[in-house]
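Down below is the structure, laid out as structure tokens.
The values are calculated or read from the model by the stated rules, or taken from the named source; none is laboratory data. Bear in mind the structure is a predicted one, so any value in this text is a computation, not a measurement. In this analysis, Cβ positions are derived from the backbone assuming ideal geometry, glycine residues included, and neighbour counts consider all displayed protein chains. Calculation scope for accessible area: heavy atoms of the full protein, side chains included, ligands and nucleic acids excluded. Shrake-Rupley method; radii C 1.70, N 1.55, O 1.52, S 1.80 Å.
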Amino acid sequence: MDSERNQDVLIGTKPRAQVEAAYQRLEHKAATPGLRTPFSLGAVAAFEWALGRAAEAPVTGAAGTGRVPSSHLLTAELDAAVVQLGDPTESAERAAQVRGVHDALAWVCGLIDEQP
């Protein structure tokens, strides 16, 4: 019963089961030789954090709580990604990783339709 209720929880605007499926797909891709990219690693990190599984937020490094972040925290981390993407001093690799975080969180928050 708890696992059924847990799947009904919204993460941002998405059902937990949908975020979990996106996370698993990208995690598998990032583990495949030749498909591991900074973008996919950033998106995986964002999904882990959004699911409450990461020790820290992927951009700000804020301590994780072990729980699904509130919509406020999700959008704050997304805003931090936007700011970091505008930093011309970031390396191309770091920018691609932050773009993965951005796109994953933007999808979770319902700001874009395409799943990263």
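A few comments on the model shown:
- Compared with the dominant principal axis of the Cα atoms in the chain, helix 16-31 is inclined by about 40°.
- Put a plus charge on the Cβ of each Lys and Arg, a minus charge on the Cβ of each Asp and Glu, and nothing anywhere else: the dipole of the stretch 44-116 about its Cα centre is then about 240 debye.
- Where [x] -0.68, -0.92; [y] -0.42, -0.94; [z] -0.32, -0.77 are the candidate values, the label of the one calculated here for log10 I(q)/I(0) by the Debye sum over Cα atoms at q = 0.11, 0.17 Å⁻¹ is [z].
- Among the trypsin sites (Lys or Arg not before Pro) in the stretch 65-112, those placed in a DSSP loop whose Cβ has at most 15 other Cβ atoms within 10 Å are R67.
- Within the stretch 26-44, backbone nitrogen closer than 14 Å to the virtual label 7 Å beyond the Cα of E93 toward Cβ: 36-42
- Along the chain, longest interval not containing exposed GluC sites (Glu not before Pro), exposed being DSSP loop plus at most 16 other Cβ atoms within 10 Å: 1-89
- The 1.4 Å probe gives accessible areas that order T37, T60, T89, largest first, as T89, T60, T37.
- Cα→Cβ-extended label distance, 7 Å offset, between S70 and L10, nm: 1.5
- Net lengthening on full extension, E20/V83 (0.36 nm per residue, minus Cα-Cα): 20.0 nm
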